[in-house]
Amino acid sequence: MQLSQVDPIVASFSGGAVGVISASMVVEINNVKQQEHKQCKYCLGTGYLACARCSTTGSIVLTEPVSTVNGRDQPLSSSPKTRRCSNCSGSGKVMCPTCLCTGMTMASEHDPQIDPFD
């Protein structure tokens, strides 16, 4: 009884909208699956790798020389000092050399992120 009271134009518009949304979702799911295959295997698509020098902390503990006094090893200073990692500039991550920060498997000469005149 209720279905017969619905305007046929409204019903067809609603049905068409549901169909378009469903088709768009299927296309988007297929695009995501294709992009997963294209991502860099080393950085997993992020474009960055963990800094090995500072172990992603962004700072390096400076080693202090040790002096020997009366047969005992004693540090010359009381507390360890740290400084910013010069490899990653304190960020804890470095550029992925495989994909050149694109996150894709193969960086080509046509990639807009790679400037040949840089």
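Accessible-area rank, largest first, for 82, 98: 82, 98, with all protein chains present and a 1.4 angstrom probe. Here the spin labels are modelled as points 7 Å beyond Cα on the Cα-Cβ line, and at residue 50 and residue 36 they lie 2.3 nm apart.
The values are calculated or read from the model by the stated rules, or taken from the named source; none is laboratory data. Not measured: the values here are computed from a predicted model. We place every Cβ from the backbone using ideal geometry, glycine too, and count neighbours over all the protein chains shown. Side chains included, ligands, DNA and RNA excluded: accessible areas come from the protein's heavy atoms. Shrake-Rupley method; radii C 1.70, N 1.55, O 1.52, S 1.80 Å.
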